[in-house]
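The values are calculated or read from the model by the stated rules, or taken from the named source; none is laboratory data. As the structure is a computational prediction, the values presented were derived from the model and not from experiment. So basically every Cβ, Gly included, is an ideal-geometry build from the backbone, and we count neighbours across all protein chains shown. Ligands, DNA and RNA are excluded from the accessible area calculation, which covers all protein heavy atoms including side chains. Shrake-Rupley method; radii C 1.70, N 1.55, O 1.52, S 1.80 Å.
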Amino acid sequence: MSRYDDEHGRDAGRTFAALPPARGRAFARSWWGRAWLRALEDAALEAAAVRSGRRLARAGGVGAVTVRPGRVTAVVRDPEGAAHRADVLLPRLSDEEWARFADLAVRQAGHMAALLEQELPPHLLEDAAVAGIDLLPGLGDLDPACDCGAWDHCGHTAALCHQVARLLDEDPFLLLLVRGRDKDAFLAELHVRGTAEPSGVTPPAAGVDAAEAWAAAGILPPPPELPGLPVAPGAPPSFATGVPAAPGVDPAALEHLAGRTAVEAYRLLAAALRGETRAGADLTAAQDAVRLACGPAPAAVTERLAMGSGRGHDGLVTAVRAWRTGGAAALAVLDEDREVEGVALARARAALEAAWEADERPVFHRSGNRWTVPEEGVQLRLGREGRWWPYRDEGGRWVPAGGGDPDPATALASARLEGEVPAPQAP
């Protein structure tokens, strides 16, 4: 395998999201970043290519940068918008050179302490260079490859080098990665060398962080399209395993909870696919008990929900009916008996007057936010959001008769229509 070749290397790469334009600032503040750019200037046969690359990088033309052993890669865009894949290859250190570099680090207590504090001491790189181990690139080390067809450094590879210099300012350990060793793997190797019983040390598993991989959209193939909304919510698994349940676990309640969770997940997904950024408000435990009671449940589960909601069985039946007409907002209207005053009251009266002709307007008796027509057994309740919610008297109990509406006449018509909302079964 070539010392440049990293396609089958054992070390993972890292991908960095595109950096913002670098107008008004130097590209390299650290001595290792400046050394990287000096290697570019020494390697490029045309100074114009270096200047062109600096302009491209300064203007933000370099996309996400992937750093792997022996190679750095990015998509670079011309001022005209044309995109080119640019690569810069470096020789990887041999296993023997890495072993000698690790010995240098362990030999000096100061080097070891700095490395364990996640710092790369400059003197360690200088000592390594004296020993013939070059972490920093030298003359001829930065080998360009670009799909624009240039055989030497072009503006695209020079722009990539300038962006890498900025990354090195923030994380000098990238020098180790591009020479063939991930930082964590190298520190684990130092730990092995510096402990009396190294056999129990396990290097960290190789991998690429998901956020870093996602940032490489300009290099990696695009992700698959999101699937559409399923026809119906998924069915929960069966918990009837025949194995005795653990203490405090009710399998029937758990299965019901899983089913209602699938329904809620389906609702949230549908809202997200419609572009809604906020699918609904956070629920209290009592409100969530009503939501859970909307699906068919064993009697024991229903009783637990009635108790958990604080409503009792009959109250839960009415609350479920309200929830089905408008969710948490409808439930709040069921529970609230509040005063309407000032501007809100003036607006409510104006809406009621405008909804009917004078000779058709029902005679309402108001109490708080509730306008009742006693002779008909119907009622309108004004929600905090300004909608009117219809209610009907059924056996001496006010029950929801439909969803909220900004027009009180429409809402009252829903309350008057017998059978508009079928009598609910016990939840």
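Counting other Cβ atoms within 10 Å, keep those with at most 11, restrict to DSSP loop, and tell me which GluC sites (Glu not before Pro) in segment 253-317 are left. Walk me through the numbers on the way to the answer.
On the way: sites: Glu255, Glu264, Glu276, Glu303; in loops: Glu276.
Taking segment 253-317 and a limit of 11 other Cβ atoms within 10 Å, the loop GluC sites (Glu not before Pro) found are Glu276.
Show me the GluC sites (Glu not before Pro) within segment 325-427 that DSSP assigns to loop and that have at most 14 other Cβ atoms within 10 Å of their Cβ. Before the final figure, lay out each step's value.
On the way: sites: Glu336, Glu339, Glu341, Glu353, Glu357, Glu360, Glu375, Glu376, Glu385, Glu394, Glu418, Glu420; in loops: Glu336, Glu339, Glu341, Glu357, Glu360, Glu375, Glu376, Glu385, Glu418, Glu420.
Here the GluC sites (Glu not before Pro) that fit, given the DSSP loop and packing criteria, are Glu336, Glu339, Glu341, Glu357, Glu360, Glu375, Glu376, Glu385, Glu418, Glu420.
Go ahead and run the numbers for FRET between Ala358 and Arg324, Cβ-Cβ distance against an R0 of 35 Å, rounding to 0.05.
Details: r = 36 Å, r/R0 = 1.02.
Efficiency for this residue pair is about 0.45.
To two decimal places, what compactness ratio does segment 115-198 give when its Cα radius of gyration is scaled by 2.2 N^0.38 Å?
After normalising by residue count via 2.2 N^0.38 Å, the value is 1.34.
Would you mind giving the average projected area, over all directions, of the Cα convex hull of segment 246-339 in nm² with one decimal? Write down the numbers at each step before the final one.
Details: hull surface 29.5 nm².
Mean projected area of the Cα convex hull: 7.4 nm².
Going through segment 301-378, which trypsin sites (Lys or Arg not before Pro) have at most 16 other Cβ atoms within 10 Å and a DSSP loop state?
Of the trypsin sites (Lys or Arg not before Pro), the ones in loops of segment 301-378 whose Cβ has at most 16 other Cβ atoms within 10 Å are Arg338.
For segment 283-413, report the accessible area per residue in Å² (1.4 Å probe, heavy atoms, rounded to an integer).
Values: 6350 Å² over 131 residues.
The answer is 48 Å² per residue.
Could you look at segment 89-186 and say what percent of its accessible area is carbon and sulfur, using a 1.4 Å probe and all protein chains?
52 percent
Name the long-range amide H neighbours of Arg71: under 5 Å, sequence gap of 5 or more, or other chain; modelled H, no Pro or chain starts.
Leu90
Based only on Cα atoms, what mean projected area does the convex hull of segment 322-381 have, in nm²?
Averaged projected area of segment 322-381's Cα convex hull equals 4.8 nm².
Say R0 is 56 Å: what FRET efficiency, to the nearest 0.05, do His191 and Ser238 get from their beta-carbon distance? Each step should come with its number before you reach the end.
Numbers: r = 48 Å, r/R0 = 0.86.
For R0 = 56 Å, the calculated efficiency reads 0.70.
Could you run the Karplus curve 6.51 cos²θ - 1.76 cosθ + 1.60 with θ = phi - 60° over segment 404-409 and give me ³J(HN,Hα) per residue in whole Hz, x for Gly and Pro?
Rounded to whole hertz, the list is x, 8, x, 9, x, 5.
If I compute solvent accessible area with a 1.4 Å probe over the protein chains, what percent of it on segment 356-399 is carbon and sulfur? Could the numbers behind the result be given before it?
Numbers: 1000 of 2350 Å².
On segment 356-399, the fraction of accessible area on carbon and sulfur atoms equals 43 percent.
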